[in-house]
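Here the structure comes first, spelled out in structure tokens, and everything after it is commentary.
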Amino acid sequence: MTNASLNTGGEAPKRSLRAQDALTKRRNAAERRFKAYGMAAIAVGLFFLAVLAVSIVRSGAPAFTQTVVEVELTVSPADIDAAESQLFKTKAYQDLFVAALDRQLTDNGVEVAFDPKAIERLLGKVGSTMREFYQANPAKVGKPVKFELAAASRVDRYLNGKLTRDAIQDSRFMMKTDLDLVDVMVDTGIMKSAFNWAFITGADSGVDNPGGAGIGASVVGSFFMMLVVLVLSLPIGVAASIYLEEFAPQNRFTDLIEVNISNLAAVPSIVFGILGLAVFIQFMHLPQSAPLVGGLVLTLMTLPTIIISTRASLKAVPPSIRDAALGVGASKMQSVFHHVLPLAMPGILTGTIIGLAQALGETAPLLLIGMVGFVARGYPDGVVSGFVDPNSAMPAQIYTWAARADASFYEKAWGGIIVLLAFLLTMNIIAIILRRRFERRW
């Protein structure tokens, strides 16, 4: 029988491996569309992320700069004696500053008449600053000293174009005629812009002094608070995870614990604040507004996150590691702590740092226990006072500034957000580095 006799119904069309049928074309087209949708979604997400980053930087950058006035003057011992002999000593020192400023303007070829009270409106209590300086540095008497004094926040807004002459109303804070002196000092180089170190190192100020507000004390408060969270949440969370994953029997009681841990991870943070207010302050009578209480509250909130991430890291270790350890005679405890736990440590550290980063940005529970911005008046005197003395935290400080009416405090809030984001990015980068450094692939 030949091949021709088999093809009684005619030859079937031959298909080429390079030719695509209709079904394959539709499947490939759907795959391309899905890839395009994914790339479009990523592009949209990156676009909004870029818009958010640019908005934060543009709004918060003014908080890191300030307008300063540099005036060099020499105060003789006779000037000090004359000022200290007067009833209003700070006014006498301010008169010395006004005279030096007038001479410096004259040396720059500018003759301008200004109200001496304008100096206090533009630069604050200059006389008090000078008196404190010479009392702390008596060796500077009789020598040239260059004073760099920060200008009022309204001067910053005027020079940045956010405040116009027409919008200014004469008040005890600023007069329209004061802007003439501002323009002259800018033209002569006496008034200029400089980096605002006081914002990084200072503490919160009164509602009438946004230019003197800083976030440094709140950073210290957040540091002590995170120490409490780290010392408590890491050992408790890891120990609970090891027990539940490696030693606990599977019964209704452990199932109930696991369900409650998952539910606690989804509880709003303000609920933990109410719990901390009721238990730690009203029942245990711990100091209000202290980083110790804030750390205890955030520990309760961080524990579910650490337990869940630690259990996932322990599950990721292959069972063959446990079986091999038990096979060579190790006990259950030795197999867990000598073999399983070291291999799961990268994931545990990553989950812990991410949990700490989440706790660092929480605001609601801190407000309920009194860690608001205005309590951070200065730095603690020591380690113990850093835990128990009233202080604030960065999120609470940002919330306090944003709630104030002055627009300059709003800029401070944006600047505080930049500082907070820098801490969060640093913690997340550390988590990525630790994972890359210690990660094992199976």
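Note on Lys140: lysines with a C-alpha under 22 Å away, same-chain residues under 8 apart excluded, are Lys89, Lys91, Lys125. Principal axis extents of the C-alpha atoms in the chain (largest first, rounded to whole Å): 127, 67, 37.
Other residues whose C-beta falls under 13 angstrom from the C-beta of Ala393 contribute a net charge of -2, scoring Lys and Arg +1 and Asp and Glu -1. Note on Lys412: lysines with a C-alpha under 21 Å away, same-chain residues under 8 apart excluded, are Lys162, Lys192.
Near Phe64: Cβ cut-off under 14 Å, other residues only, Lys/Arg at +1 and Asp/Glu at -1. The net charge is 0. Summing +1 for each Lys or Arg and -1 for each Asp or Glu among the other residues whose beta-carbon sits under 13 angstrom from that of Leu326 gives 0. Computed per residue of the chain from DSSP H runs no shorter than four, each worth -39500 (n - 2.57), the mean residue ellipticity at 222 nm is -19500 deg cm²/dmol. Surface composition of the stretch 25-113: carbon plus sulfur atoms hold 64% of the accessible area, using a 1.4 angstrom probe and ignoring ligands, DNA and RNA. Can you tell me which lysines have their Cα less than 18 Å from the Cα of Lys332? Leave out same-chain residues fewer than eight positions away. Once the sequence-local lysines are set aside, what remains near Lys332 is Lys315.
Each part gets one Cα centre, and for the stretch 315-371 versus the stretch 184-222 those centres are 42 Å apart. Rolling a 1.4 angstrom probe over the stretch 215-438 with all protein chains present gives an accessible area of which 71% lies on carbon and sulfur atoms.
Put simply, when 221-233, 186-198, 79-91 are sorted by average Cβ atoms within 10 angstrom per residue, most first, you get 221-233, 186-198, 79-91.
In the context of the full set of protein chains, the chain has a per residue accessible area of 57 Å² (1.4 Å probe). Suppose R0 equals 41 Å. What FRET efficiency, 1/(1 + (r/R0)^6) with r the Cβ-Cβ distance, do Ala78 and Asn160 give to the nearest 0.05? For R0 = 41 Å, the calculated efficiency reads 0.50.
Each of Gln288 and Met333 was given a label point 7 Å from its Cα along the Cα-to-Cβ line. The distance between the two points is 4.6 nm. For the pair Leu326 and Ile236, the difference between a 0.36 nm per residue extended length and the Cα-Cα distance amounts to 29.8 nm. Between Glu258 and Thr24, the modelled label-to-label distance comes to 4.6 nm, taking each label 7 Å out from Cα in the direction of the beta carbon.
The values are calculated or read from the model by the stated rules, or taken from the named source; none is laboratory data. These numbers were taken from a predicted model, which means no experiment stands behind them. Cβ: placed from backbone, ideal geometry, glycine included. Neighbour counts: every protein chain shown. Keep in mind that these areas ignore ligands, DNA and RNA; they rest on the heavy atoms of the full protein, side chains included. Shrake-Rupley method; radii C 1.70, N 1.55, O 1.52, S 1.80 Å.
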